[in-house]
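Trainee: Take a look at this one; I'll ask things after.
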Amino acid sequence: MAKEETTSGGYDFTGIEAKWQKRWDQEQTFKTLEDPKKPKYYILDMFPYPSGDGLHVGHIEGYTATDIVARYKRMRGFCVLHPMGWDAFGLPAEQYAIKTGQHPRVTTRHNVGRFRDQIKRVGLSYDWSREIDTTDPDYYKWTQWIFLKLFERGLAYQSFEPVNWCPELGTVLANEEVIDGKSEVGGFPVFKKPLRQWVLKITAYAERLLEDLDLLDWPESLKDMQRHWIGKSLGAKVTFKVKPAASGATDHFEVFTTRPDTLFGATFCVLAPEHPLVAKITTQQQKSAVENYVHQAAQKSDRDRTSQPGSSSGSGSTSGTLDKTGVFTGAMAVNPANGQEIPIWIADYVLMSYGSGAIMAVPAHDERDHAFAKQFNLPIKRVLKGGEDDIQKAAHCGDGILINSDFLNDLDKTQAIATMVKWLESKNLGHGAVTYKLRDWLFSRQRYWGEPFPLALDKDGQAVPIAEGDLPVLLPEMDDFKPTRDADPPLARAHAAWSEVKLGDKILKRETNVMPQWAGSCWYYLRFLDPKNKNQFCDLDKEKYWMPVDLYVGGAEHAVLHLLYARFWHKVLFDAGLVTTKEPFLKLVHPGTVLGENNEKMSKSRGNVVNPDDIVREYGADTLRLFEMFMGPLTATKPWQTAGISGVHRFLRRVIRIGSSDEVGAGPTLHDGAENEEVLRALHKTIRKVTEDLENLSFNTAIAAMMELVNVFYKQKSIAKDSYGSLLLILAPFAPHLAEELWEKRALPHPQDKSIPHHGRSITFVPWPSFLEALTVDTDIVLAVQVNGKLRGDLRCPKDLAKEEIFGRAKALEAVKRHIEGKTIVKEIYVPGKIVSLVVKE
């Protein structure tokens with residue numbers, strides 16, 4: 001056997017894989033047509049951004065998993081849609097083009113070609129007739145069309161927003177793209193800057209986005225991330241009046257709190273530095289300090305200004321305990337519950353983008369407020385029983401009976417909240433309310449490489465939609481497409497023939513911002529259903545047949561942004577009657593990260609990236625596919641270990657040698673007769689195991705089961721051709737090239753299906769093998785036989801054999817006889833299904 005394990009066995013993987021990839025392309029084996037007679041299965045990868053670095057083995061993990069499922073489902077009789085496309089607009093593509101001195105259209109086309117070649121070399125069974133590219137005008141025409149639907153429904157509006165501005169990149173960045181005050185791409189400084197932006201009203205769908213998470217088969221951790229991002233809070237909005245100025249003018253601000261019952265304990269208020277009231281109420285004495293603080297806060301991202309959730313007051317800020325900074329405005333507010341004057345501060349942990357940009361601080365019952373009060377020597381007043389005896393030492397953040405709270409005294413939390421809300425409403429000082437942490441989606445980018453907005457602006461800056469018949473609004477050809485540091489979009493430099501739009505007797509200017517990269521990925525799964533349609537973004541009958549996506553596989557980094565945005569767009573399309581499902585993605589799976597051999601995340605800078613092309617060249621695509629799936633559970637993080645590849649490669653060579661006439665290392669021969677019971681039982685158990693594992697996406701254990709079956713085969717001199725054929729069928733989704741080759745050469749293809757011309761030549765549509773339940777249930781058991789506590793042998797026997805018969809057979813074992821002959825057996829012990837123990841007198 002040792003010799004067999006090291007011989008190549010004539011495995012010409014390069015020739016085999018080239019042959020079948022060419023045939024699949026020529027015969028369009030994986031082209032999908034809707035078939036109402038069959039159940040459908042729509043399996044989708046999060047389509048990639050085609051970077052200049054190409055794919056690494058971490059990307060291949062998820063793609064291989066979906067391909068295995070797609071091939072398996074075809075064999076189970078499903079009509080399978082398994083497409084691929086390219087998310088090719090956006091900042092990374094533009095930055096890559098700038099660095100390489102080329103136009104992004106050129107670099108994108110080159111990168112797409114490289115990705116496509118790499119994917120095809122792995123044998124992924126995509127329907128390439130449905131390939132899409134977000135930078136294709138035939139695609140982004142419909143991205144623009146969907147935007148117009150949002151605009152028509154009042155869900156797209158213009159606003160001057162304080163945004164994360166990166167002068168070096170020349171664009172607005174999302175909070176998630178800013179780390180420690182610097183851009184995630186390039187590490188450049190980021191500042192707050194008010195800019196005219198297009199904003200999408202995702203907040204109008206906050207409640208539905210939250211509720212419909214219950215419809216989805218997603219990891220609970222991911223659903224919790226979306227719930228936290230949406231951030232629903234129940235409470236009250238309370239009006240605080242600012243103490244009248246000398247002129248007699250009265251201002252006020254509103255706070256949202258989840259604990260209106262603690263209002264009597266509010267001893268100060270905090271406004272966000274950007275709050276419009278700050279400049280108005282700040283006293284002359286505090287003006288310089290406040291202005292300096294506001295400037296410093298503008299240099300920080302929202303992420304830098306907040307920490308992890310941990311505060312329990314629910315008073316409207318977003319964070320737990322941070323190093324406290326703040327400045328007193330010099331102004332005082334009036335606590336509406338007791339009429340007491342309390343100071344108004346500004347602090348950067350309060351965000352204008354969350355709630356009303358103002359909070360009431362109850363330091364006795366909130367850790368963050370307590371720390372702030374201690375830092376600046378502000379009053380701390382207990383209004384709940386419980387916690388530390390000395391409220392000056394630590395906040396009591398739990399529940400408790402109300403004290404020091406006038407008409408709320410002796411009430412519990414629930415009673416006190418209801419009573420306070422009713423009182424506020426009776427005095428016209430506030431009302432019960434629901435708020436969400438979710439903010440409307442900033443949808444503008446000051447870049448070139450993105451979808452142009454289908455809008456023009458009149459002389460007053462009012463937007464006018466472009467007629468649907470004039471779509472797409474093409475991206476103009478520009479040699480100088482680099483962004484500027486002053487927020488003037490590159491499209492503002494476009495030639496007049498593009499930038500000017502004539503509507504009637506008026507000349508309007510086109511919108512010069514572009515959409516973010518997320519735009520094209522919000523709806524791409526729908527375009528795959530009908531990619532060549534010139535008249536509709538997607539035919540409704542095709543949408544009814546295919547949607548929702550049955551299995552969506554992709555990285556956890558998209559847990560909030562892409563997945564939340566796509567769900568939002570889908571719900572808008574649902575409301576418009578353009579799709580028939582409430583949710584786009586029924587089941588979602590995140591593959592675990594494949595680390596480099598040094599146990600660190602693969603990256604070019606770390607020098608630990610493994611190129612799949614190198615593995616395919618040395619071992620073949622089928623070996624790569626098998627190894628990717630054998631490393632561990634799909635969702636687990638695991639390190640890449642190149643040394644382990646040889647094991648699965650040897651397994652494939654052993655499969656080849658079954659029925660081979662090679663003299664060196666030949667495996668068992670094949671025969672046309674009936675199979676012996678041992679092999680038959682092993683085969684049916686394996687078919688059952690692999691079937692169940694594929695349904696559960698447990699690919700590593702399915703491979704292990706097939707390896708065990710091959711070991712059983714190798715114990716025989718000969719196995720039935722039908723048994724070998726069944727092995728090839730269950731192996732086919734994992735190692736499709738080799739399975740195709742061996743099926744063609746050594747197995748008997750099933751009768752040709754006339755509706756599929758290539759059926760008789762390919763294993764792709766051969767029905768999945770069935771198993772007999774009776775043959776998967778063990779009738780024998782193996783018992784350990786001990787003599788005086790030492791293992792002396794194993795006994796295989798029927799599991800329902802009588803105890804007396806078991807003892808008799810155990811004593812008859814040659815290995816046991818030697819230790820009991822001539823001796824007296826003083827005790828016989830049988831542990832059902834496990835052990836036979838004989839105790840002899842020495």
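The values are calculated or read from the model by the stated rules, or taken from the named source; none is laboratory data. Note that this is a predicted model, so its numbers are computed, not measured. Heads up, the Cβs are rebuilt from the backbone with ideal geometry, glycines too, and the neighbour counts pull from every protein chain shown. Each accessible area value is taken on the protein alone, full model and side chains, heavy atoms only, with ligands, DNA and RNA left out. Shrake-Rupley method; radii C 1.70, N 1.55, O 1.52, S 1.80 Å.
Trainee: Hey, rough spin-label estimate for Ala204 and Glu618, points 7 angstrom out along Cα→Cβ, what's it come to in nanometres?
Mentor: 5.6
Trainee: Taking 0.36 nm per residue of separation and subtracting the Cα-Cα distance, what length does fully extending Ala467 through Gln375 add? Please report the intermediate quantities before stating the final value.
Mentor: Values: separation 92, 0.36 × 92 = 33.12 nm, distance 5.89 nm.
Extra length available between Ala467 and Gln375 comes to 27.2 nm.
Trainee: Mind checking which aspartates and glutamates have their C-alpha under 14 Å from Lys811, skipping anything on the same chain fewer than 8 residues away?
Mentor: Asp794, Glu821, Glu828
Trainee: By per-residue mean of other Cβ atoms within 10 Å, what is the highest-first order of 667-679, 370-382? Write down the numbers at each step before the final one.
Mentor: Numbers: 667-679: 14.7, 370-382: 17.7.
The densest-packed peptide leads the list: 370-382, 667-679.
Trainee: Under a crude label model (7 Å from the Cα following the beta-carbon direction), how far is Arg796 from Lys393 in nanometres?
Mentor: For Arg796 paired with Lys393, the spin-label model returns 7.2 nm.
Trainee: Could you order peptides 817-826, 623-632, 593-602 by the average number of other Cβ atoms within 10 Å of their residues, highest first?
Mentor: Values: 817-826: 11.5, 623-632: 24.3, 593-602: 15.7.
The packing order, highest mean first, is 623-632, 593-602, 817-826.
Trainee: Also, quick follow-up: Cα centroids of the range 13-69 and the range 254-291: how far apart, whole angstrom?
Mentor: Spelled out, the Cα-based centre of one part sits 57 Å from the other.
Trainee: Report the far tail of the P(r) of the range 452-561, meaning the percent of Cα-Cα pairs longer than 20 Å. Write out the running numbers ahead of the final one.
Mentor: On the way: 3440 of 5995 pairs.
Above the 20 Å cut-off, the range 452-561 has 57 percent of its Cα pairs.
Trainee: Identify, among His590, Gly659, Ile763, the residue whose Cα sits farthest towards the positive end of the charge dipole of the chain, taking +1 on the Cβ of Lys and Arg and -1 on the Cβ of Asp and Glu, with the dipole about the Cα centre.
Mentor: Farthest towards the positive end: Gly659.
Trainee: Helix-only estimate, please: 222 nm mean residue ellipticity of the chain, summing -39500 (n - 2.57) across DSSP H runs of length 4 or more and dividing by its residues, to the nearest 500. Spell out each step's value before the answer.
Mentor: Details: 28 runs with 287 residues, N = 842.
Calculated from helices alone, the mean residue ellipticity at 222 nm is -10000 deg cm²/dmol.
Trainee: Same structure, new question: What translational D, rounded to a whole number of µm²/s, comes out for the range 190-282 from Stokes-Einstein when the hydrodynamic radius is the Kirkwood one over Cα pairs, at 37 °C and 0.692 mPa s? Show your work: numbers first, answer last.
Mentor: On the way: Rh = 17.4 Å.
Once the numbers are plugged in, D ends up at 189 µm²/s.
Trainee: For the range 496-549, which trypsin sites (Lys or Arg not before Pro) pass both filters: DSSP loop (anything but H, G, I, E, B) and at most 14 other C-beta atoms within 10 Å?
Mentor: Values: sites: Lys502, Lys506, Lys509, Arg510, Arg527, Lys532, Lys534, Lys542, Lys544; in loops: Lys532, Lys534.
Qualifying residues, ordered by number: Lys532, Lys534.
Trainee: Quick one: helix 699-714 against the long Cα principal axis of the chain, what's the angle to the nearest 10°, folded into 0 to 90?
Mentor: The helix 699-714 is inclined about 10 degrees to the chain.
Trainee: Quick one: plug the Kirkwood hydrodynamic radius of the range 133-220 (C-alpha pairs) into Stokes-Einstein at 10 °C, 1.306 mPa s, and report D in µm²/s. Intermediate values should be presented prior to the final figure.
Mentor: Working: Rh = 15.9 Å.
The calculation lands on 100 µm²/s.
Trainee: From the alpha carbon gyration tensor of the range 565-637, can you work out the equivalent ellipsoid semi-axes (sqrt of 5 times each eigenvalue) and give them in Å, largest to smallest? Walk me through the numbers on the way to the answer.
Mentor: Values: eigenvalues 279, 48, 32 Å².
Each semi-axis is √(5λ); the values are 37, 15, 13 Å.
Trainee: Same structure again: Angle between the Cα long axis of helix 413-426 and the longest principal axis of the chain, 0 to 90 degrees, nearest 10?
Mentor: Computed tilt is about 40 degrees.
Trainee: Which value in Å does the Kirkwood hydrodynamic radius of the range 535-591 take, with 1/r averaged over all unlike C-alpha pairs and then inverted? Write down the numbers at each step before the final one.
Mentor: Numbers: mean 1/r = 0.0823 Å⁻¹.
Across the range 535-591, the inverse of the average 1/r is 12.1 Å.
Trainee: Restricting the calculation to Cα positions, tell me the Rg (one decimal) and the Dmax (whole number) of the chain in Å.
Mentor: Answer for the chain, Rg first and Dmax second: 34.4, 118 Å.
Trainee: Could you state, as a whole-number percent, how many of the C-alpha pairs of the range 4-162 are farther apart than 28 Å?
Mentor: Working: 4965 of 12561 pairs.
Result for the distance tail: 40 percent.
Trainee: Please give the contour-minus-distance gain from Gln296 to Ser129: 0.36 nm per residue of separation, less the Cα-Cα distance, rounded to one decimal in nm.
Mentor: On the way: separation 167, 0.36 × 167 = 60.12 nm, distance 5.39 nm.
In short, 54.7 nm is gained.
Trainee: Can I ask one more? Arg227: net charge of surrounding residues, Cβ under 14 Å, Lys/Arg +1, Asp/Glu -1, itself excluded?
Mentor: Working: positive: Arg208, Lys223, Lys232, Lys437, Arg567; negative: Glu207, Glu211, Asp212, Asp214, Glu220, Asp224.
Spelling it out: positives minus negatives among the neighbours equals -1.
Trainee: Moving on. Subtracting the Cα-Cα distance from 0.36 nm times the residue separation, let me have the gained length for Lys506 to Glu168 in nm, one decimal.
Mentor: 118.0 nm
Trainee: Looking at the square roots a ≥ b ≥ c of the eigenvalues of the Cα gyration tensor of the range 347-500, which shape do they give, rounded for a/c under 1.5, prolate if a/b is larger than b/c, or oblate?
Mentor: Working: a/c = 4.58, a/b = 2.64, b/c = 1.74.
Prolate, since a/c reaches 1.5 and a/b exceeds b/c.
Trainee: Tell me the label-point distance for the pair Asn611, Gln641, using the 7 Å Cα-to-Cβ offset, in nm and rounded to one decimal.
Mentor: 2.6
Trainee: Run down the lysines and flag those whose C-alpha is under 23 Å from the C-alpha of Lys509, throwing out any fewer than 8 positions away in its chain.
Mentor: In chain and number order, the partners are Lys141, Lys149, Lys459, Lys482.
Trainee: Then there is this: Cut-off under 20 Å on the C-alpha distance; same-chain residues fewer than 8 positions from Lys223 excluded. Which lysines are left, in chain and number order?
Mentor: Output for Lys223: Lys232, Lys437, Lys571, Lys582, Lys587.
Trainee: Would you work out what percent of the accessible area of the chain, with all protein chains in place, is carbon or sulfur (probe 1.4 Å)? Don't skip to the answer; put the middle values down first.
Mentor: Details: 18300 of 36150 Å².
Heavy-atom surface of the chain belonging to carbon and sulfur, 1.4 Å probe: 51 percent.
Trainee: Residues of the chain: accessible area per residue at 1.4 Å, in Å²? List each step's numbers first, then the result.
Mentor: Details: 36150 Å² over 842 residues.
Roughly 43 Å² per residue, with all protein chains present.
Trainee: Follow-up question, since we're still on this one. Can you tell me the order of 835-842, 726-733, 687-694 when each peptide is scored by its average per-residue count of other Cβ atoms within 10 angstrom, highest first?
Mentor: Details: 835-842: 15.5, 726-733: 24.2, 687-694: 20.0.
Highest-to-lowest ranking by the protection proxy: 726-733, 687-694, 835-842.
Trainee: To test your reading of the geometry: what angle, between 0 and 90 degrees and rounded to tens, separates the Cα axis of helix 220-230 from the longest principal axis of the chain?
Mentor: Helix 220-230 sits at roughly 10 degrees to that axis.
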